[in-house]
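For reference, the structure is listed below as structure tokens.
Please treat every number below as a calculation from the coordinates, not as lab data. Computed from a predicted structure; not experimentally measured. For neighbour counting, all protein chains shown are included, and Cβ atoms are generated from backbone atoms with ideal geometry for every residue, glycine included.
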Amino acid sequence: MTESEYVLVTGGAGYIGSHTVVELVQAGRNVVVVDNLVNSSEEALNRIETITKVRVPFVKADLRDAAAMSKLFTDYKITSVLHFASLKAVGESTKIPLVYFDNNVTGTISLLNAMEAHGCHSIVFSSSATVYGDATRFENMIPIPENCPLGPTNAYGHTKSTIEEILRDYYAANEKTFRAAILRYFNPIGAHPSGLMGEDPLGVPNNLLPFLAQVATGRREKLQVFGNDYASRDGTPLRDYIHVVDLAKGHLAALAKIESVSEGICREWNLGSGHGTTVLEVIAKFSAAVGRDLPFEVVGRRAGDVLDLTAAPQRAADELHWKTQLSIDDACRDLWNWTTKYPYGYQKPE
Ligand code: NAD
Ligand code: WQD
């Protein structure tokens, strides 16, 4: 057992986790990462070291491995957990829902069991705006406040809303001690401004900007825009895009909040900018960062897409003293810097 207190980051080799580890280390926290590398590379840990000059201890393990989790909590004095580890591909989740529930929900229960057994009571959980589903089904719910009724429309979203319920029920049974921050991210984009870290999707990217980045490098011919018949200013859907470094800093704000309360807490916060941007506007901004117009064609709507997912960010501003500082233009610049330096991410060229 170490003397020092550690923050455990599950999924810390992944996109958002790795950026958050950098912010934690730069804020002077001791960090240990656990990740099974199902959707990431150990190279991310090397990049974290290059940026921070600190080698963060890494444990390669699956959260569902109870023995590995017990050893982790025995080896390190873990006082708080940032819980990113999850499968996250919406389309895939609809095809293999049991795999998603087992990984995401069973993994979280295993983590909570290890925390309980070792007297660790604080967790920041990566939830998602996807738990709201189509908020336009209600009047006056755009921008979306945290008290908007939940209604996820796919298996991935159901795993997130289920984990939220587990955290709320666990808190109800442990109100004096348990501290949980449920962070509902909107659309994270961009990369570290150093160009050393960024998103590294395996296979064909599902998300808008990673796909567009591969169009810009010539790995993909053109972007398909999924529908221009929505009720927005240019017919394409509105999303609240948030720079991954802003998002990472939101975790430090949430951690500070739950570490400062005198009793338990379980509360949801949106992490978004409060501004909706259309697909065509994002294409224009990334094209400007690249320096040329990127090819796209408009095709039919993608199943499950909704018109508008824009956050009401006031609760995070009031209670976490956090708001976004970086723009979509900053994110496009940083994504293009990362893409030009590492067009194949942490992987070798195909
Ligand atoms: P990511 O895939 O890059 O990172 C997730 C990490 O968790 C990966 O490194 C993966 O190897 C690891 N992992 C998965 N299952 C594991 C398990 N059972 N045991 C150990 N490690 C495991 O994804 P990300 O974009 O960084 O997302 C981080 C979190 O934020 C996830 O919980 C995701 O659902 C949530 N989220 C992401 C987005 C987004 O658009 N990226 C939006 C909202 C919420
Ligand atoms: C953004 C916009 C598409 C790709 C997803 C998850 C959500 C959360 C964030 C984890 C939409 C359009 C996209 C393309 C396009 N993740 N688009 N062509 O769907 O808002 O959210 O990531 O929690 O749960 O659902 O993000 O980047 O896929 O799409 O036209 O090739 O870009 O229609 O309007 P989305 P996205």
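The residues in the stretch 148-192 that are in a helix (DSSP H, G or I), of a type in the set (D, E, K, R) and more than 30 Å from residue 214 (Cα to Cα) can be counted, and the count is 4. Within the stretch 307-350, the set of residues being farther than 19 Å from residue 44 by Cβ, out of contact with any strand residue (DSSP E or B) (no Cβ under 9 Å at 6 or more places or on another chain) and not acidic (Asp, Glu) comprises 317, 321, 323, 333, 336. Only a single item in (1) assigned to a helix (DSSP H, G or I); (2) within 15 Å of ligand 1 (Cβ to nearest atom); (3) over 26 Å from residue 187 (Cβ atoms) is not met by residue 100, and it is number (3).
Put simply, of 53, 60 the only residue that is near ligand 1 (Cβ under 10 Å from one of its atoms), free of Cβ contacts under 8 Å to residues at least 40 places away in the same chain and farther than 22 Å from residue 157 by Cα is 60. Entry remark, the stretch 136-157: residues being within 16 Å of ligand 1 (Cβ to nearest atom) and of a type in the set (Phe, Trp, Tyr) number 1 in total. The residues of the stretch 1-37 that are away from ligand 2 (no atom under 16 Å from the Cβ), assigned to a loop (DSSP other than H, G, I, E, B) and either crowded, with 22+ Cβ neighbours inside 10 Å or under 18 Å from the mean Cα position of the chain (by Cα) (or both), listed by number, are 12, 13, 36, 37. When 140, 113 are screened for being more than 12 Å from ligand 2 (Cβ to nearest atom) and not in a loop (DSSP other than H, G, I, E, B), only 113 passes. In the stretch 257-299, the residue that is nearest to the chain's Cα centre (by Cα) out of those that are within 23 Å of residue 228 (Cα to Cα) and of a type in the set (S, T, N, Q) is 277. Select from the stretch 39-57 the residues that are in a loop (DSSP other than H, G, I, E, B) and more than 16 Å from ligand 2 (Cβ to nearest atom) and write down the one among them that is nearest to residue 254 (Cα to Cα). Taking the candidates together, the pick is 56. Once the stretch 158-195 is narrowed to residues that are of a type in the set (Val, Ile, Thr) and within 13 Å of ligand 1 (Cβ to nearest atom), the residue that is surrounded by the most Cβ atoms within 10 Å (Cβ to Cβ) is 159.
Once the stretch 78-87 is narrowed to residues that are touching a Phe, Trp or Tyr at 6+ places or on another chain (Cβ under 6 Å) and assigned to a strand (DSSP E or B), the residue that is farthest from ligand 1 (Cβ to nearest atom) is 78.
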